[in-house]
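Read through the structure below, which is laid out as structure tokens, and then see the notes.
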Amino acid sequence: GEAVRGMLSVTIESASGLPKMDTWTHKADPFCVVKAGAESHTTPVQHNTLSPKWHDTFTLKCSSGGGSRLTINMYDWNKIGDPEFMGTVSVPVKTRPLSELKLTGELDGGTPTSGVVRVSCVFT
């Protein structure tokens with residue numbers, strides 16, 4: 001399919017079943033970096049939870065078709081030091097009802113990640 005330029009309205013609803021990132025609290029401070037085309041958006045950090053609820057809606061200028069993808073990278077915010085990778089998901093840019101997308105990737109140390117992120121999108 002040919003690429004069609006437009007706007008993707010994305011809602012990052014929530015996530016669950018996330019890996020325990022913090023050795024002390026056995027929780028995490030998750031946030032997402034969402035990319036499509038040349039644009040990206042960072043959600044707020046949800047502190048001390050493995051079931052974050054963002055309800056964060058935003059718009060990215062991008063294309064649909066022609067191999068365009070929406071990528072969501074999740075990280076664990078740290079007060080000191082860099083955020084730690086918690087997982088990623090990449091799907092074609094298109095309108096999709098609220099969907100549970102499975103996180104993939106490996107945590108620091110090689111353990112596979114876990115959990116899902118709930119996302120809906122409208123492409124116009």
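Net charge dipole, the range 43-112: roughly 440 debye, given to the nearest 20, about the Cα centre with Cβ charges of +1 for Lys and Arg and -1 for Asp and Glu.
Pairwise alpha-carbon distances in the range 64-124 exceed 12 Å for 71% of all pairs.
Rg then Dmax, both in Å and based on the Cα atoms of the chain: 14.6, 50.
Evaluated over the range 10-124, the count of Lys pairs having alpha-carbon atoms less than 30 Å apart is 21 (only pairs 8 or more residues apart or interchain).
Might you tell me the accessible area per residue for the chain, computed with a 1.4 Å probe and given in Å²? In whole numbers, the chain has 55 Å² accessible per residue. The accessible surface of the range 1-41, taken with every protein chain in place and a 1.4 Å probe, is 51 percent carbon and sulfur. The residues neighbouring PHE58, those whose beta-carbon lies less than 14 Å from its own, together hold a net charge of -1 under the Lys/Arg +1, Asp/Glu -1 convention.
The values are calculated or read from the model by the stated rules, or taken from the named source; none is laboratory data. Worth saying up front: this structure is predicted, and the values here are computed from it rather than measured. Cβ coordinates were reconstructed from backbone atoms using ideal geometry, including for glycine residues, and neighbour counts include every protein chain displayed. Each accessible area value is taken on the protein alone, full model and side chains, heavy atoms only, with ligands, DNA and RNA left out. Shrake-Rupley method; radii C 1.70, N 1.55, O 1.52, S 1.80 Å.
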